[in-house]
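Below you'll find the structure, written out as structure tokens, and then a few comments.
The values are calculated or read from the model by the stated rules, or taken from the named source; none is laboratory data. Nothing here was measured: the structure is a model prediction, and the numbers come from that model. Cβ placement follows ideal geometry from the backbone for every residue including glycine, while neighbour counts extend to all protein chains displayed. Please note that ligands, DNA and RNA were not included when accessible areas were found on the heavy atoms of the full protein model with its side chains. Shrake-Rupley method; radii C 1.70, N 1.55, O 1.52, S 1.80 Å.
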Amino acid sequence: MKAEVECEFVKSEKTMTGAELLIESLVEAEVDTLFGYPGGAVLPIYDALYRSNAPFKHILPRHEQGAVHAAEGYARVTGKPGVVLATSGPGATNLVTGIADAMMDSLPLVIFTGQVGSNVIGTDAFQETDVMGVTTPITKYNCQLKQLSDLPRVVKEAFHIASTGRPGPVVVDIPKNISTASLSEKCNSEVCLPGYQPTTKPNPLQIIKLTDALANAKRPVVLAGAGVLFGGASTELKQFVDQYQLPVTTTLLGLGSFPGTNPLNLGMAGMHGTYAANMAIYECDLLINIGARFDDRLTGSLEHFAPNAKVAHIDIDPAEIGKNVLTDIPVVSDAKEGLLALLNQSVNLPQHEEWKQHLQDMKQEFPLWYERSGDLLSPQWLIEEVYRASNGEAIITTDVGQHQMWAAQYYLFDKPNKWVTSGGLGTMGFGFPAAIGAQLGAPDELVVAIVGDGGFQMTMQELSMIKDYQLPVKILIVNNGSLGMVRQWQEKFYDERYSESIISSPDFVKLAESYGISGVRVDKEADVPGMLNDIFANDDPVVVDCRVTKMECVFPMVPSGKGNHEMIGVKK
Amino acid sequence: MKRIITATVQNRSGVLNRVTGMLSKRQFNIESISVGGSETEGISKMTLVVDVSDFQKLEQLTKQLHRQIDVLKVSDITDKAMVARELALIKVVGSGQMRAEIQGIISPFRASVIDVSKDSLIIQVTGKPDKVDALIALLRPYGIKELSKTGITAFPRGQQQNVTEINYLSI
């Protein structure tokens, strides 16, 4: 089937197929890594890839979910869109979890899915799925190519949409006949998106309102979210906080946006945040949210969330402002632009010494805590040791659950873009492939995947990837023989009825060895420091089966449906 | 409260799907939605009648609509001077003398009979939603066999007076 050509042409001698044109468009978009898995509907693209001398790497996972999570990890540490290619039908549906994950955590992804030929779309053809229908609710944008001449423009638009404004995943569905059709003219690739004009500069009046509120506040607090990281605004946040000496809390995804070791940092807020951070939000009279979306895991019960505060919210996505929490001072802006505008206002602030001292006292009096049990391995202590052995310099990736919360609590992120976790969707199986993508994006950095024994078993086949591409990823399995967070909730809220949460695992050491990777097992604290120093000094990948104490819980905690001031498990 | 929202969108495939999908995902209650071409080629207009509980929800709805890449403009025109029309086709049981009676009922509504068969007739009515509803209520006792409405399409009048309060039902 020959594609129609309707756009304005610049005549050229060369005839190109859709597949070749796609590869050329990827080169033009400066893609350096493509995560993909071949299949029937993308055979022409893979064939073109084989014949081309494109300057980018192709990374082959063992399951498409591995490709998309790896692309997310890559996007998180590089700030560039992660690019994924999968075939139609099952190839595309295997991407769904990762696309939804990227949507929730605002990660820029550009995903190309093969589709059956246009002539059989809608006939339930072999390996056909309605990718548009499936991905519409979980993408920032998606489209299906109708004619070849649109391809260069659509690819350019996809990269533009994915990486500007509030980042997010974009799916481009390419019917097989489009990738095989050929075109002899160069076509128009101008981005044409009149409905997409993200506001990046703040409204000056709202900035004045915010600084006025700041000047009048007695108990101000800053809440920093992932928007600060996406905006590359960590330096500006630090300047802003230094200038006005404001206490700071971060969201889970905002870890690293403000140095974790800075005395003004009260730590993470929310369900498993620190007592000081949650009380700061509960007691404050001005809450300045920069790039966080007031997720329910952060706010707890909304009626008790910052009950006495004026709320200012700086966000690039206007729809986030006022979505969950009523906002007094809305500022639609990129985090960096917003902070720069704030820095340009000179305000004389009262010093809030009493308020800051009060928060520091709470930080001292109610710190994060855990009990060590003899020589057995405490998971929290393990994380602290990872922090020590890596000098706080590692890129840490996690799944969802207890290990994730311990990593968030006990690894102090001083620098931005070192923390890759599945926050919004809470995806088991995310951490390990994300670490692979992170390592590919940051080849010189130490990448540590901290995963649970449950989550690792969801994507552990990707050990093949680290073997194939010689990636020195360190995988630490926080192995407690259970789906720890589920087990914790069953213990606390379901009278210890451990319904299907106690799990078995393979011998992870042997598993690693079967993939040609070394495996280590530790179950005593005494063995940990030496082991960590060894593996961090070594350039090889390793799987470490860390047998931690089984019944450990993540504390403190805001029980579901309660206010942030009603934390349980606070150190007394 | 009922609100009338208009959205100008780029006429690309999947736009309606994206808009209705977003609304149902976010638990907005759509009463009616009508879409069609506009004065510009490639640009369509949507008119949505939605039932929202408060102004915060309403703001969310317009923001979420505007967030869609292919949506160019969103306006809540409920409180503006506007024209809003819908069309209904009503098949009513009626034969013989009844027909004259029905004719008498529909003529003040400027509705017309567009099809007649042995024992039924089809009436077309266009106008403000309350007028359409009033006619339907009057015809109901005669036995409505089939009824189909288009949903409201609306836009603001060319001239806007200073409006203090306009009830939705007065449109």
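I'd like the distance separating the alpha-carbon centroids of segment A:211-288 and segment A:460-512, in whole Å. Result: 33 Å between the Cα centres. Test of the criteria: in segment A:485-547, which trypsin sites (Lys or Arg not before Pro) are in a DSSP loop and have at most 15 other Cβ atoms within 10 angstrom of their Cβ? Here the trypsin sites (Lys or Arg not before Pro) that fit, given the DSSP loop and packing criteria, are A:R497.
A Förster distance of 45 Å, applied to the separation of the beta-carbon atoms of B:N29 and A:D534, puts the FRET efficiency at 0.15. The 1.4 Å probe gives accessible areas that order A:D296, A:D101, largest first, as A:D296, A:D101.
The DSSP beta bridges internal to segment A:443-572 are antiparallel in roughly 10% of cases.
For segment A:305-462, the convex hull spanned by the alpha carbon atoms encloses 193 Å³ per residue. Computed about its Cα centre, the charge dipole of chain A is approximately 460 debye, with only Lys, Arg, Asp and Glu carrying charge at their Cβ. Summed over the residues of chain B and divided among them, the accessible surface reaches 54 Å² per residue at a probe radius of 1.4 Å. Within chain B, the longest run free of trypsin sites (Lys or Arg not before Pro) that sit in a DSSP loop with at most 11 other Cβ atoms within 10 Å is B:1-109.
Taking GluC sites (Glu not before Pro) as exposed when DSSP calls them loop and at most 13 other C-beta atoms lie within 10 angstrom, chain A has its longest site-free stretch at A:191-370. Probing with 1.4 Å while keeping every protein chain in the model, the per residue accessible area of chain A equals 38 Å². At full extension, B:K2 and B:Q56 could sit 18.1 nm farther apart than now, given 0.36 nm per residue minus the alpha carbon distance.
Stretching the chain fully between A:Q127 and A:T199 yields a gain of 21.9 nm (0.36 nm per residue, less the alpha carbon separation). Dividing the Cα radius of gyration of segment A:367-426 by its Kirkwood radius returns 0.98 for Rg/Rh.
Starting from the Cα of A:N308, move 7 Å in the Cα-to-Cβ direction to define the label point; list residues of segment A:327-361 whose amide nitrogen is under 15 Å from there. Zone members listed by number: A:354-356, A:358-359. The DSSP beta bridges internal to the protein assembly as shown are antiparallel in roughly 45% of cases.
If R0 is 22 Å, what FRET efficiency do you get for A:K562 and A:E496 from their C-beta distance, rounded to 0.05? Computed FRET efficiency for A:K562 and A:E496 comes out at 0.60.
Here chain A has 51 percent of its accessible surface on carbon and sulfur atoms, given a 1.4 Å probe and all protein chains in place. Return the tail of the calculated pair distribution for segment A:393-465, meaning the percent of Cα-Cα pairs more than 16 Å apart. In whole percent, the long-distance tail amounts to 42.
Relative intensity of segment B:25-165 on a log10 scale, I(q)/I(0) at q = 0.13, 0.22 Å⁻¹, equals -0.72, -1.31, per a Debye sum over C-alpha point scatterers of equal strength in the absence of solvent. Our estimate of slack between A:R372 and A:V120, defined as 0.36 nm per intervening residue step minus the Cα-Cα distance, is 84.5 nm.
Considering the dipole of segment A:139-203 built from charges on the beta carbon (Lys and Arg +1, Asp and Glu -1) around the Cα centre, which of A:P198, A:Q144, A:I161 is farthest to its positive end? My answer, from the dipole projection, is A:P198. Accessible-area rank, largest first, for A:D495, A:D444, A:D150, A:D540: A:D444, A:D495, A:D540, A:D150, with all protein chains present and a 1.4 angstrom probe.
Spacing of the modelled spin labels on A:Y50 and A:C192, each 7 Å from Cα toward Cβ, amounts to 3.7 nm. Considering only B:S120, B:V9, B:T47, the residue lying farthest towards the positive end of the dipole of chain B is B:V9, judged by Cα position with unit charges set on Cβ.
Placing a pseudo-label 7 Å from each Cα along the Cα-to-Cβ vector at A:D212 and B:D119 gives an inter-label distance of 7.3 nm. Using the Cα gyration tensor of segment A:299-387, with a ≥ b ≥ c the square roots of its eigenvalues, what is the shape: rounded (a/c below 1.5), prolate (a/b larger than b/c) or oblate (neither)? Verdict is prolate for segment A:299-387.
Annotation: for a label point projected 7 angstrom from Cα along Cα→Cβ of A:S505, residues of segment A:367-395 with backbone N closer than 15 Å are A:377-380, A:382-383. Among the listed pairs B:K118/B:K149; A:K80/A:K562; A:K186/A:K336; A:K238/A:K467; A:K140/B:K149, those whose Cα-Cα separation exceeds 30 Å are A:K80/A:K562; A:K186/A:K336; A:K238/A:K467; A:K140/B:K149.
Once the Kirkwood radius over Cα pairs is known for segment A:40-85, the Stokes-Einstein relation at 37 °C and 0.692 mPa s delivers a diffusion coefficient of 278 µm²/s.
Judged by the gyration tensor of its Cα atoms, with axes a ≥ b ≥ c, segment A:213-284 is oblate; a/c meets the 1.5 cut and b/c is at least as large as a/b. Association of chains B and A removes close to 1700 square angstrom of accessible area from solvent, both sides included, for a probe radius of 1.4 Å.
Assign one of three labels to segment A:518-572, namely rounded, prolate or oblate, based on the Cα gyration tensor with a ≥ b ≥ c the square roots of its eigenvalues; rounded applies when a/c is under 1.5, prolate when it is not and a/b is larger than b/c, and oblate otherwise. Judged from the Cα gyration tensor, segment A:518-572 comes out prolate (a/c at least 1.5, a/b above b/c). Scanning chain B for GluC sites (Glu not before Pro) lying in DSSP loops with no more than 10 further Cβ atoms inside 10 Å, the longest uninterrupted stretch between such sites is B:42-164.
Averaging 1/r over every pair of different alpha carbons in the protein assembly as shown and inverting the result gives a Kirkwood radius of 28.6 Å.
Considering only the Cα atoms of segment A:36-172, their convex hull presents on average a projected area of 7.9 nm². Computed from label points 7 Å out along Cα-Cβ, the spacing between A:K57 and B:A81 is 6.7 nm.
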